[in-house]
2 protein chains.
Amino acid sequence: MSERMIATIDVVLLTIQQQQLSVALTKREHEPYAGLDALPGGYIQADADRDSLDAALRILHRKTGVTPPYLEQLRTFDGCARDPRGWSISIAYFALVDAELLLQANHPGLSICPVDALRRLPFDHNDIIDAAVERIRNKSQYSSLPCHLAGERFTLPNLQKIYEACLGEKLNKVSFRRKMDELGVLEEIAGQTEAGGAHRPAQVYRLKAEFANALKLLQRGL
Amino acid sequence: MSERMIATIDVVLLTIQQQQLSVALTKREHEPYAGLDALPGGYIQADADRDSLDAALRILHRKTGVTPPYLEQLRTFDGCARDPRGWSISIAYFALVDAELLLQANHPGLSICPVDALRRLPFDHNDIIDAAVERIRNKSQYSSLPCHLAGERFTLPNLQKIYEACLGEKLNKVSFRRKMDELGVLEEIAGQTEAGGAHRPAQVYRLKAEFANALKLLQRGL
């Protein structure tokens with residue numbers, strides 16, 4: 001009756017690199033598909049992990065060297081066909097991180113690839129990434145989610161470029177700023193500005209402490 | 001390395017009864033919690049189920065007698081603390097069904113309870129139901145999802161009551177009808193009307209065939 005299943009975690013760690021929404025891949029250490037790039041993942045360990053969120057944080061840290069400011073369950077991918085080892089369950093998570101943090105961690109075997117330039121990956125990892133990209137596209141329309149890709153300090157022009165990379169479209173500057181006001185998640189860092197090329201220096205912002213690991217929603221989309 | 005886990009399915013089967021959003025519960029046949037009401041659920045069977053969606057349909061049919069017109073993965077509930085048998089994974093689904101279909105099936109051990117009047121259920125089943133109610137509340141604001149609760153034929157006043165039960169609030173009749181037009185999922189059944197008490201007879205509608213198992217989204221919410 002009580003069959004037991006292979007149970008793994010896969011994490012879609014998204015970041016922005018060269019103004020493109022990108023995903024972190026790691027070289028697989030073991031068969032199947034040893035040596036190929038794939039999503040950071042691993043087995044749930046009943047004695048080490050309280051739940052799958054715990055497991056996702058442990059595995060992500062071991063495989064990429066980072067603990068992301070935002071991590072959310074995506075959905076579960078499962079069945080008899082997705083893994084040559086047999087019927088398997090992968091509880092997929094997606095995480096957001098500033099590319100700077102990934103560069104600092106400089107973890108061996110880690111690469112960053114634009115989501116629009118992915119080759120065919122092992123298992124159903126392309127499907128898992130597609131689901132994560134769809135989720136972030138939807139949530140970017142009405143939430144503070146992309147702010148977690150911006151690092152600790154950023155200007156509004158930087159943040160707008162990040163929203164545009166997530167949404168895959170250009171935004172109007174005035175309505176973008178009005179929507180950010182409405183969200184109410186940002187605060188100015190007093191006295192800090194950043195040179196903006198031909199423009200006057202831009203105010204530097206950060207996420208308010210209470211939103212550093214949380215989402216806030218707009219009443220209406222961007 | 002490759003530990004195996006207890007892997008189950010739980011289904012939140014939602015319906016409308018007496019204009020209240022309600023959930024189907026079944027009497028548990030086995031320990032733990034034998035004899036208590038809980039969500040319809042069971043083990044995934046590697047030889048019977050191609051994937052968890054297959055398993056959800058099989059288990060739901062066995063425990064409730066119905067195959068719902070709408071079924072979607074909710075999320076996975078897991079960890080060391082949720083099941084006295086040990087570390088476990090439950091891939092939760094939610095389904096929508098017309099109450100009439102449940103009454104016809106008349107399955108032994110099945111009961112229907114308003115989601116606002118639930119007692120403490122076994123495992124984390126209250127949390128799973130809360131997540132399903134949150135999902136349907138969110139999706140009711142901008143999609144055709146509640147139409148799957150309406151049965152094969154319905155009038156617009158009936159459908160508005162169903163949306164109101166899902167959302168937990170009253171809607172404006174004129175804007176509700178405009179939004180339904182905008183969704184474009186309904187078609188009139190020629191020549192069919194239904195007596196409407198003091199009002200003139202109401203036109204009878206059904207879902208267009210192409211939306212019978214699918215969602216359609218509004219650009220802006222209700």
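Where a number appears in this text, it was derived from the coordinates with a stated rule and is not lab data. Computed from a predicted structure; not experimentally measured. A quick note on method: Cβ atoms are made from the backbone with ideal geometry, for glycine too, and the neighbour counts reach across all protein chains shown.
Quick notes on this one:
- Antiparallel DSSP beta bridges within region A:4-88, percent to nearest 5: 90
- Scaled to the globular estimate 2.2 N^0.38 Å, the Cα spread of the protein assembly as shown, given as radius of gyration, is 1.08.
- Label point at A:Gln203 placed 7 Å out along Cα→Cβ; residues across region A:160-189 whose backbone nitrogen lies under 20 Å: A:160-163, A:172-189
- Ranked list, fewest to most other Cβ atoms within 10 Å of each Cβ, for A:Val174, B:Val185: A:Val174, B:Val185
- Label-zone membership for region B:28-55, site B:Arg62, 7 angstrom Cα→C-beta point, backbone N under 15 Å: B:28-31, B:40-55
- Distant-in-sequence amide H partners of B:Gln17 (H built 1.01 Å from N, under 5 Å): B:Ser22
- Backbone HN-Hα couplings from phi across region B:41-47 [Karplus 6.51/-1.76/1.60, Hz, Gly and Pro as x]: x, x, 6, 5, 10, 4, 8
- Think of region A:66-191 as a dipole: +1 on every Lys or Arg Cβ, -1 on every Asp or Glu Cβ, centred on the Cα centre; then among A:Ser111, A:Val133, A:Gly191, A:Val133 lies furthest on the positive end.
- Cα gyration tensor shape for region A:141-211, rounded if a/c is under 1.5, else prolate or oblate: oblate
- The DSSP beta bridges internal to the protein assembly as shown are antiparallel in roughly 80% of cases.
- Leading residue at positive end of dipole, chain B (Cβ point charges), from B:Val66, B:Tyr93, B:Asn172: B:Asn172
- The phi-based Karplus calculation (6.51 cos²θ - 1.76 cosθ + 1.60; θ = phi - 60°) puts the 3J(HN,Hα) values of region B:190-205 at 4, x, 9, 10, 9, 4, x, x, 6, 8, 6, x, 9, 4, 9, 10 Hz, whole numbers, x for Gly and Pro.
- Between the amide H of B:Ser143 and those of B:Leu218, distances stay under 5 Å, these residues lying 5 or more places away or on another chain, with hydrogens modeled in the peptide plane.
- Residue-wise HN-Hα coupling along region B:206-214, computed from phi with Karplus coefficients 6.51, -1.76, 1.60 (Hz; x: Gly, Pro): 9, 6, 4, 3, 5, 10, 5, 10, 9
- Label points for A:Ser175 are taken 7 Å from Cα along Cα→Cβ. From this copy to the others they lie 1.9 nm apart, shortest first.
- Look at the alpha carbon pairs under 8 Å that are at least 6 residues apart: their mean separation over the length of chain A gives a relative contact order of 21 percent.
- In the protein assembly as shown, a dipole from Cβ-located charges (positive for Lys and Arg, negative for Asp and Glu) runs towards its positive end, and of A:Thr155, A:Ala24, B:Ala55 it is A:Thr155 whose Cα lies farthest in that direction.
- Cα gyration tensor, region B:6-139 - rounded (a/c under 1.5), prolate or oblate: rounded
- Were the residues from A:Asn172 through A:Asp127 laid out at 0.36 nm apart, the gain over their Cα-Cα distance would be 13.1 nm.
- In this label model, A:Leu118 and A:Gln219 are separated by 3.7 nm, measuring between points 7 Å along each Cα→Cβ vector.
- Dividing the summed helix terms, -39500 (n - 2.57) for each DSSP H run of n ≥ 4, by the number of residues in chain B produces a 222 nm estimate of -8000 deg cm²/dmol to the nearest 500.
- Here the spin labels are modelled as points 7 Å beyond Cα on the Cα-Cβ line, and at A:Glu3 and B:Arg50 they lie 1.5 nm apart.
- Charge dipole of the protein assembly as shown (Cα centre as origin; +1 on each Lys and Arg Cβ, -1 on each Asp and Glu Cβ, all else neutral): 1140 debye, rounded to the nearest 20.
- As a proxy for reagent exposure, B:Lys161, A:Lys27 were ordered by neighbouring Cβ count within 10 angstrom, fewest first; the result is A:Lys27, B:Lys161.
- The rotation axis that maps chain B onto chain A passes nearest to the beta carbon of this chain B residue, listed with its distance in whole angstrom: B:Arg4, 2.
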